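What follows is one structure encoded as structure tokens, with my remarks underneath.
The values are calculated or read from the model by the stated rules, or taken from the named source; none is laboratory data. Fair warning: this is a prediction, and the values are worked out from it, not measured in the lab. Here the Cβ positions follow ideal geometry from the backbone for every residue, glycine too, while neighbour counts run over all protein chains shown.
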Amino acid sequence: MTTPDALDALGHLGYAAIYLGQVLLARRSRAGWVLRLAGTALWLGIGLALELSSVWVWSAIGLGIDARGWWSWRRPGAGPRGCPETGDRRPAGMRRPPGALSPAGTGAGAPREGDSSHPRGRSIDRGSPETGPTGERR
């Protein structure tokens, strides 16, 4: 049996690994997944040692999530560097095709009014704040 002080120290170490891993992930480092896996594994052990299902069940779920994240960053075109062609960091199945509209309605590469590819087929000159559509001063 492990002493409460030892479990407490392991708990601090586990949380430190999880939070440092999160910082590394924010900086796009794959090492963050390894630290998160180690920290979550420590908490899984603590939960099992204390026979607390609320700790070990959620730690096991966290291990699965972290393992999936680490694995997905190992695939070509995923992870910190993103897709080699587009730089998109979303998994391949979640990438939008070029010209697709974003939820806000203006995706990268979508035709804009004034582009020759716009559905209206021509540019609409609205002028500038100083001039009207015909180029005259307002």
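Details
- Qualifying residue in region 32-50 (condition: out of contact with any helix residue (DSSP H, G or I) (no Cβ under 8 Å at 6 or more places or on another chain) and not small (G, A, S)): no
- Hits in region 1-59 (condition: within 20 Å of R74 (Cβ to Cβ), surrounded by fewer than 14 Cβ atoms within 10 Å (Cβ to Cβ) and among the small types (G, A, S)): A26, A31
- In the set S29, S72, only one residue is hydroxyl-bearing (S, T, Y), in a loop (DSSP other than H, G, I, E, B) and either at pLDDT 95 or above or under 18 Å from the mean Cα position of the chain (by Cα) (or both); that residue is S29.
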